[in-house]
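What follows is a set of notes on a single structure, which appears directly below.
The values are calculated or read from the model by the stated rules, or taken from the named source; none is laboratory data. Just so it is clear, the model here is predicted, and its values are computed rather than measured. No Cβ is skipped: glycine too gets one built from the backbone with ideal geometry, and neighbour counts run over all protein chains shown.
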Amino acid sequence: MRQETESANYPPSKSPATTGRAAPGVSGGSKDAAAAFDHHASRGAPRAAPSIHVYSQADNDLTRNTRIPEFTTIRYEVSDHVLTLTLSRPKSLNAFTSLMRDELLDALDLADADDDVRAIVFTGEGHGFCAGADLNRGADTFNHAKRDKSADRFPDRDGGGTLTLRLFDCTKPLIAAINGPAVGIGITMTLPMDLRLASTDARFGFVFARRAIVPEAASSWFLPRLVGPQQALEWVLSGRVFDAEEALEGGLIRSLHAPDALLPATSALAQDFVQNTAPVSVALSRQMIWKMLTEAHPMAAHKIDTAGVRHCGALTDAREGVESFKAKRPAQFSNRVTTDMPDFYPWWDTPEFGPPRS
């Protein structure tokens with residue numbers, strides 16, 4: 001059966017020592033990473049737990065044994081402290097489904113619980129990144145009243161939004177390697193990621209107005225903050241598909257790469273984070289940049305800056321950062337996100353979900 005996606009009306013791309021506390025929902029490192037899956041699954045509608053296998057890998061002379069769910073719509077692969085999450089429905093250009101959403105949520109919980117994962121790369125298998133929502137339910141694809149919600153973890157919420165809000169709270173750097181069409185949820189899921197690199201073959205589209213719906217995945221919050229309201233409105237109101245050069249010029253993506261150079265460039269960027277930065281500093285800094293976008297006055301940043309420098313300055317990593325710099329040698333950071341985050345983290349309040357005001 002022909003797979004229908006939001007990009008089906010245009011051609012695919014051409015080429016393939018001080019104590020602290022853990023972040024919310026984060027357990028105590030690799031040995032407890034599987035607990036994150038149980039923690040997350042319990043927050044939504046009941047569903048059968050996936051089968052579990054042991055993932056073993058020699059990573060920089062460190063042997064890890066982490067229980068990883070056997071995902072079916074994504075691939076979870078760790079190498080040199082970088083987790084690559086590959087959307088894996090290539091026959092449909094990796095069209096988005098509720099199962100893919102659930103597996104991405106579980107993967108993020110596992111990654112946040114694993115101190116050996118220092119950065120996360122997202123890409124797509126085959127010729128596409130993600131061609132949008134799977135449209136195989138036909139005309140009623142977006143009709144909430146006619147959707148089977150019996151196995152949905154969040155039956156009354158936009159599925160894309162539950163993913164982007166989880167990405168928003170992640171403690172690891174997030175990098176999108178957009179290797180082909182990224183349309184609808186295929187591009188809006190990347191907006192809370194920290195960096196977006198793209199192949200010259202990539203295509204983009206905020207196509208909601210052409211499907212007679214509205215932007216989803218909290219993209220009306222993220223997109224104008226990334227590219228400005230004028231550019232966001234042009235892309236959203238027209239709903240047209242545009243090429244990678246326009247995405248670069250509009251500030252949606254960081255850089256363009258030849259198709260076979262995209263993943264090496266993304267890996268090099270991720271390794272810069274892994275090899276040269278302290279994990280607790282990165283986790284706090286990521287949240288400071290994103291969460292300050294919601295604040296009304298820079299005094300909010302000043303308060304967190306003050307508390308953050310005091311906390312991090314007392315950790316062994318701060319001493320190592322200074323000593324390694326003075327000795328002109330690579331730093332060996334040892335503090336962990338799962339154990340050494342400050343008591344004031346998280347400092348923000350997440351609003352409860354509910355209907356808009358009438």
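Filtered by the rule that a residue be modelled with pLDDT of 95 or more and among the hydroxyl-bearing types (Ser, Thr, Tyr), segment 262-317 gives Thr266, Ser267, Thr277, Ser281, Ser285, Thr306, Thr316.
Could you tell me which residue of segment 95-152 is surrounded by the fewest Cβ atoms within 10 Å (Cβ to Cβ), considering only residues that are closer than 15 Å to Thr84 by Cα and of a type in the set (Phe, Trp, Tyr)? Out of the qualifying residues, it is Phe122.
Among the residues of segment 162-179, the ones that are in a loop (DSSP other than H, G, I, E, B) and within 24 Å of Gly126 (Cβ to Cβ) come to 1 in all. For segment 232-244, a tally of residues being part of a helix (DSSP H, G or I) and within 23 Å of the chain's Cα centre (by Cα) returns 4.
If you filter segment 197-252 down to residues that are of a type in the set (Ser, Thr, Tyr) and touching a strand residue (DSSP E or B) at 6+ places or on another chain (Cβ under 8 Å), you find that the one that is surrounded by the most Cβ atoms within 10 Å (Cβ to Cβ) is Ser199. The residues of segment 245-283 that are among the charged types (D, E, K, R) and not in a helix (DSSP H, G or I) amount to a single one, Arg254.
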